[in-house]
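Report on the following structure.
Each value in this text was obtained by applying a stated rule to the coordinates, not by laboratory testing. These numbers were taken from a predicted model, which means no experiment stands behind them. A quick note on method: Cβ atoms are made from the backbone with ideal geometry, for glycine too, and the neighbour counts reach across all protein chains shown.
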Amino acid sequence: MSEVFKLVLSLSLSGSGLILLLLALRPLFRNKLSKTWQYYLWLIVLLRLIVPYSPSFGLTGIFTETAGSAAEARQIAPVEAFSAPAKAGGQALPEAGAAPPAQAAASPDIFQFLGVVWLSGAVLAFAVKSIQYAVFTRKIRKGARPAADAGVLDIFEKTAASLGLGKIAAPLVSARISTPMLVGLLRPAVLLPEAALSAGRAALPYVFRHELTHLKRRDIVYKWFAEVILCVHWFNPLAYLMTGYIAEACELSCDEAVAARLGDNERRAYGNALLDTAAQASGRRHLLMMTLREDKISMKERLRTIMKAGKKSRRTVIASSALALSLCLAAVLLGACSAGGTTVGGPPPQESSASPDTSPSPSGDATDAMGQNIVYKNTDYGFDFTLPKDWQDYTIVSQQWSGWDIGNTSNILATGPQLLIRSPQWTAAKPTQDIPIMIFTLTQWEDLQQEKFVVSAAPVPPSELGRNSKYVFALPARYNFAYPPGYEEVEQIMNGEPLTPTEDISVLPDTPAASSSTPTPAIVYKNTQYGFNFDLPAEWKGYKIVSEEWKGTPLTDQQAATTGPQLLIRNPKWTKDTPTQDIPIMVFTMKQWDDVQEGNIAVSAAPILPSELGRNSKYVFALPPRYNYAFPAGYEEVDQLLQGKPLHANESFK
């Protein structure tokens, strides 16, 4: 977590530098450059705040790494005073004059603490914004009715056609709003206040053109992108200032785009429509709504933009392009610090390691000449793997990877071994990051590269670690995506290129251990009520089934609340005091599943749909969104299980 926070802090510093630069230059280009250019220039700042790429000489990355190194030096220094160069009776012996272990306790990592605070704030900020948006949208949509006036609909359709928009939903009329607006991220809709219809149709073409221009440019998506980045950088006051300027630039650029297609008289009429809307507006405007209204303090600038809108000169276009390129260059020069503590895009850290001694140690491994590393020697598939000496009591966990058809995830085309090198610090209650090694035959690897099958839901292939004459060894894509404890240490180990292929091979590709046939599961849970089987490993013998109920919240007035069964497959290690990750399976009827997919009901507070695991002719089986958000004990094992596509739907239901 400390490294992640360092990354976010460096991005925030880089973004702050760009924000200040843009604000400093703003008086020079405010009335000279296109409002549309000014609007989209903020995208460069947003990308700087979220994309951690930079060259090795990035200023912010160097600053952050220096600060982080100083903190780490204060933390590590007391530990280095105590070393254990030799063992006697299984116990480490201190060197002469070394400090006792009690004095070797490391001081707390301030970045780790700040990282927890940051993550809590980011999650809370996003949750509050999402809930406020959902409540506000539902409130203003409630009671809204589709516009039925044929004349109003004709104006709306002609305006949409003139903007090149296809068939879109008819505008809604609501008594709960006082100004026209565009709402909805997934299902955008134009809302009109009752007063807009009673006041006549003269202003409606301009109202519709304004809101539909927002729709065409996907301004709501842009604003949501900015708000998500604000949640990440909630601690940075300049990020709040930035979102305010983006909202202002959004309206000005929309006015410019609308007015550019109008004549002088029409521009005056459009300006009058703005003034009338501002006079009628009341109440609080939500930040993520696209409204015709804007604060009166900026109305003068909006009217000036409308009257001056038009084709920009070539000199203006060149100046705009030069400014954009300058900002991009500044973004790169400011740089960022990677989560691994190095500048992303810079040279890899230099690792020093002694040449390993190939003579076996009493444990069956090898040690290097200096005694600083140990070597795990695998003679089944032919490779050596160098590990730090504190991994002396590591364990090897054997698993299988599965490769399935890209177009049909239930069709498994290939399987193979996957070995986990497990840290001696790993426990069931506090699991740490394993080192996973996928083993492919040369034919399987070639098929994978040609996308004949896939081995992960992520659109990223495994990374090759090495190969011998029979096998290719690879690291799974996003193996440490959840950042479990110890992931930083594993990343450091992998940076040292620890795997060395050998030709000491005892398991040949045509033997059963390397077969591509589908493995037989150790345990199969058979559900005859809804019609599915679920493959489980032998360690889950004694599992329990817990029956629960999911609840669907209606998102439309026509939709009623609904419920359905949810089954939890519970690990036999689960106890009330130390609960482990369950395997939750939501069961939907076909109609319920269609309602979820169409946005008629919501089954979670998260703006994410359940993931389908399989279906038969009557039911759809799905995984709840963010089911393992709290990362309980055993979540990694469940994640590995689910990657193997263990659910098989059938027609054996009651």
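The table for this structure:
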{"item": "Full-extension gain in nm, THR589 to ALA170, via 0.36 nm per residue minus C-alpha separation", "result": "147.8 nm"}
{"item": "Sorted largest first, extent of region 209-255 alpha carbons per principal axis (Å)", "result": "37, 16, 9"}
{"item": "Highest average packing first - 158-170, 525-537, Cβ atoms within 10 Å", "result": "525-537, 158-170"}
{"item": "Stokes-Einstein D for region 374-501, Kirkwood Rh over Cα pairs, 10 °C, 1.306 mPa s (µm²/s)", "result": "103"}
{"item": "Other-chain or far-sequence residues with amide H under 5 Å of THR562's (modelled H)", "result": "GLY552"}
{"item": "Distance (nanometres) between label positions extended 7 Å along Cα→Cβ at GLN450 and GLN597", "result": "3.2"}
{"item": "Approximate spin-label separation ARG138-ILE110, in nm, with each point projected 7 Å along Cα-to-Cβ", "result": "4.4"}
{"item": "Simple label model, 7 Å out from Cα along Cβ direction - GLU548 to ARG26, nm", "result": "4.7"}
{"item": "Total formal charge among the other residues, if their Cβ is under 14 angstrom from that of LEU419, Lys/Arg +1 and Asp/Glu -1", "result": "-1"}
{"item": "Taking the convex hull of Cα positions in region 523-649, its mean projected area over all directions (nm²)", "result": "7.9"}
{"item": "Pairs beyond 20 Å (Cα-Cα), from LYS142/LYS216; LYS377/LYS470; LYS541/LYS618; LYS129/LYS223", "result": "LYS142/LYS216; LYS541/LYS618"}
{"item": "Descending semi-axes in whole angstrom, ellipsoid equivalent of region 583-654, from the Cα gyration tensor", "result": "22, 18, 8"}
